[in-house]
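The values are calculated or read from the model by the stated rules, or taken from the named source; none is laboratory data. Just so you know, these numbers come straight off a predicted model, no measurement behind them. A quick note on method: Cβ atoms are made from the backbone with ideal geometry, for glycine too, and the neighbour counts reach across all protein chains shown.
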Amino acid sequence: MTVLIAYDGSDDARAAVDYVARHLRDEPTVIMTVWEPLLTQISWAPLAAAVPVAGRLDEGEQYEEEKQAERLAQQGADIAAKAGLTDVAVRAERGGGPVWAAIVDVAEELNASLVVTGSRGLAGARSVILGSVSTRVLHHAHRPVLVVPPPKEDDEE
């Protein structure tokens with residue numbers, strides 16, 4: 001059994017890592033971060049249809065974006081290790097399309113037995129896993145998907 005955790009650094013993604021550590025501690029786990037070049041993110045914005053986006057990121061800028069994604073995935077793996085997971089790999093994928101599609105594709109490639117996401121991700125340009133992404137993973141993955149709810153606030157208990 002291989003567990004794929006989609007990780008973006010949000011509290012919900014951390015909750016997903018913690019959940020897997022509590023309930024599936026002995027299973028091989030892959031912490032995955034999807035990164036998109038900034039110009040790709042801009043081109044998908046609503047204004048992109050009306051405002052032309054000029055230029056390209058140079059190789060150095062693309063390299064830095066990729067390194068940031070790798071660091072984020074490693075952060076998730078470090079959290080997983082501290083939580084007790086022992087067989088953890090990291091994966092930073094460059095999204096060439098929707099983030100949810102990259103998650104589904106990697107799940108297929110790994111033959112993951114379970115895909116785990118938080119219910120929401122980060123907002124704005126740093127976003128990797130949004131509520132809509134979790135929803136689309138649920139609808140398009142041909143394997144079990146677990147969406148972990150956000151951690152309870154102290155006053156909610």
Those residues of the range 53-88 which are at pLDDT 90 or above and more than 26 Å from G131 (Cβ to Cβ) amount to A81, K82, G84, T86, D87
I5: at pLDDT 95 or above, of a type in the set (A, V, I, L, M) and not in a loop (DSSP other than H, G, I, E, B), yes or no?
-> yes
